[in-house]
Amino acid sequence: MGDVSVPKDAVAKLGRVEGDLRVGQGARVEPEGAVIEVTGRVICEGEAEFQGSLSCSEFSARGAWGFGGKIKIHGHLKVIGEVRVENGQLSIDGSLDAATVNIDKALWVGGNARADDFDVGGVLEVRGNIMGKKVDVGGSFKVQGAADVDEVDVGGSVDIAGPVKCAQLDVGGMARIGGGEVSKDVDVGGKFESTKPLKFSKIDVGGLATLSEGGEGGDIDVGGKFESRADLSFNSLDVGGLASINGNGKGVEVDVGGLLRVSGSLTLEKDLDIGGRAYVGAELRLDSLEVGGSMEADQIVAQNSIEVGGDLKTIKGAKGDSVELGHGSRTTGPIVARIVSVGHGGKVEDVYADKLELEHGSRARNLYFREGEIEAGVHIEGEVLYTDTIESSPDVRFAKQPSKVNELPKPPL
C-alpha cells in the first residue's frame, strides 16, 4: 500500500502503510493489528484520533482554520525523526520515542518519553520516566517517574516525583524534584524543593529552598529562606534571611543575613558570618566567627577570631585566637583565647587569656591572664590570677584582691 489519505471525519482501519499517511480533520484511524505502521510521514490536518499504537518516520499536525487541534494516540508513538504539532496538543496513552519533539501547546505522555530535544510551549506531562538531552517548556513540566535529561529549562513550574540526573535545572517559578544529581546549576526564581537526598554543584534560588533529606554539593545561594532537614555537606552557604540544618553541617563558609539554626554540629574550613542570630546544637568548629547579634552553641572552637555583637552562650566554652565581645554582651560558659576584649557593660564568666581588656562597667566572675587592663566601674565577682602585669582603675570592685602567680590554671578547653 502506497501513500494513504483518510478524509475529514472518516474512520479508517489500517495496518502497514508503505509511504505517507495523511489524516483529515476529525478523522479516526484504527489498527488492523497491534500497531499502525507507516514507513513514511504521518500528517494530521487538524484534530485526529489513533485507536492504537503508531510508528512512522515523522509525525506532524496542525490546528485547522487557526484553531488549536487535539491529537490523541491510544497506544505508543514511535517516530524515527521529529514530532511536531503546530497550534495544538498531543495526548499519548502509552510511551513516546522520537528524535525531537516540538509542540506548540501541550504534550501528555502516559508512559515513558524519550527524545533528544523536547520543546513544548505550554504543558509537558509524563506519567513514566523521561530521557533526553534537553527539555524546554514555556509553562509547566511534570514527571511522575525519574528524569534523565542533560538540560531542563522551564519558564513556569517543575514537578518531578522521581530522582533527576541532569547538568542544568533552570526554572522561572517553582521546582520540586525527587532528589538525584544536578552536576552543574540549580537555578530557580521562586521556590525549590528536593524531597530526597540531592547531590549538586550549585543551588541558586530567589525565594525558598528546601532539601527534605539533606544533600551533598557545592555552593548554595538563597535570597529568602533555606532549610535542610537532614545532614548537609556544602562549599558555601549564602542566605539572605533564615537558614536551618536539622542535623550536622559541614562546609567551607557560611554567610546568613538573619538567623542560622543547626541542630547538630557545624564544621567550617573558613568563616561563619551572621547578621542576626546563630544557634548550633552541638560543636561549632571553624576558622573565624562574626555574629552581629547573639550566638549560642554547645562549644565553639575557632582557629582565629570570634566576634560577637550581642550575647554569647555556650555550655563547654568558646576558644579562639582572639575573642571580642560587643557593648552590653552577656556571656555564659568559659572563654579561652590569646586576646580577649569585653565591651563596656558586658558580662562574662570565667576568662583564660594572654592579654585581657575589660571596658568600663563590665562584669566578670573569674579571670586568669598574663597581662590585663581593667577599666573603671568593672566588678569582678571571683578570683583574679595573673602572671605578668595588671592595670586597673581605682574604683574597680574586686571580690578578692588580684594575685600574681607563677602558673595559671589549665583552661577547660
Inset, instruction - Only Lys, Arg, Asp and Glu count, each charged at its Cβ (+1, +1, -1, -1), so figure out the dipole size of the chain about its Cα centre, rounded to 20 debye. - result: 1100 debye
Inset, instruction - Lys and Arg at +1, Asp and Glu at -1: add these up for the other residues within a Cβ distance under 9 Å of Val85 and post the number. - result: +1
Legend entry - Residues of the range 350-378 with amide N under 14 Å of a point placed 7 Å along Cα→Cβ from Asn304: none
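Dipole magnitude of the range 98-141 about its Cα centre, charges +1 at Lys/Arg Cβ and -1 at Asp/Glu Cβ only, in debye to the nearest 20?
The dipole of the range 98-141 has a size of about 160 debye.
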Legend entry - Cα gyration tensor of the range 287-380 - equivalent ellipsoid semi-axes, whole Å, descending: 18, 14, 11
Legend entry - Dipole of the range 158-207, positive direction: furthest Cα of Val205, Gly189, Ala167, with charges on the beta-carbon: Ala167
Legend entry - Whole-number accessible area per residue in Å² for the range 268-413, which is evaluated in the context of all protein chains at 1.4 Å: 46 Å²
Legend entry - Quarter of Cα convex hull surface for the chain, i.e. mean projection, nm²: 21.7 nm²
Inset, instruction - Compute the relative contact order of the chain as a whole-number percentage, counting only Cα pairs closer than 8 Å that sit 6 or more residues apart in sequence. - result: 4 percent
Inset, instruction - On the protein heavy atoms, probe 1.4 angstrom, tell me the percent of accessible surface of the chain carried by carbon and sulfur. - result: 43 percent
Inset, instruction - Counting only heavy atoms of the protein chains, get the accessible area per residue of the range 136-266 (1.4 Å probe) and round it to a whole Å² value. - result: 37 Å²
Inset, instruction - Could you tell me which of Leu21, Thr331, Gly275 has its Cα farthest along the dipole of the chain towards the positive end, charges placed at Cβ (Lys, Arg +1; Asp, Glu -1), taken about the Cα centre? - result: Leu21
Inset, instruction - For the range 1-125, calculate the relative contact order in percent as a whole number, restricting contacts to Cα pairs under 8 Å that are 6 or more residues apart. - result: 15 percent
Legend entry - Nearest-10 value in Å² for the accessible area of Met174, using the 1.4 Å probe: 80 Å²
Inset, instruction - Check cross-link reach from Lys8 to the lysines: straight Cα distance under 18 Å, and skip same-chain residues fewer than eight apart. - result: Lys70, Lys72
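Quote the charge dipole size of the range 205-265 about the Cα centre in Debye, to the nearest 20; the model charges only the Cβ of Lys and Arg (+1) and of Asp and Glu (-1).
On the way: 4 positive and 9 negative charges, 50 e Å.
Around 240 debye, computed over the range 205-265.
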Inset, instruction - Run the quick spin-label model on Lys270 and Glu216: label points 7 Å from Cα toward the beta carbon, then report their separation in nm to one decimal. - result: 2.3 nm
Legend entry - Residue (of Thr100, Leu232, Asn112) at the positive-pole extreme of the chain, dipole from beta-carbon charges: Asn112
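The values are calculated or read from the model by the stated rules, or taken from the named source; none is laboratory data. Bear in mind the structure is a predicted one, so any value in this text is a computation, not a measurement. Cβ sites come from the backbone with ideal geometry, for glycine too, and all protein chains shown count toward neighbours. Heavy atoms of the whole protein, side chains included, go into the accessibility calculation; ligands, DNA and RNA do not. Shrake-Rupley method; radii C 1.70, N 1.55, O 1.52, S 1.80 Å.
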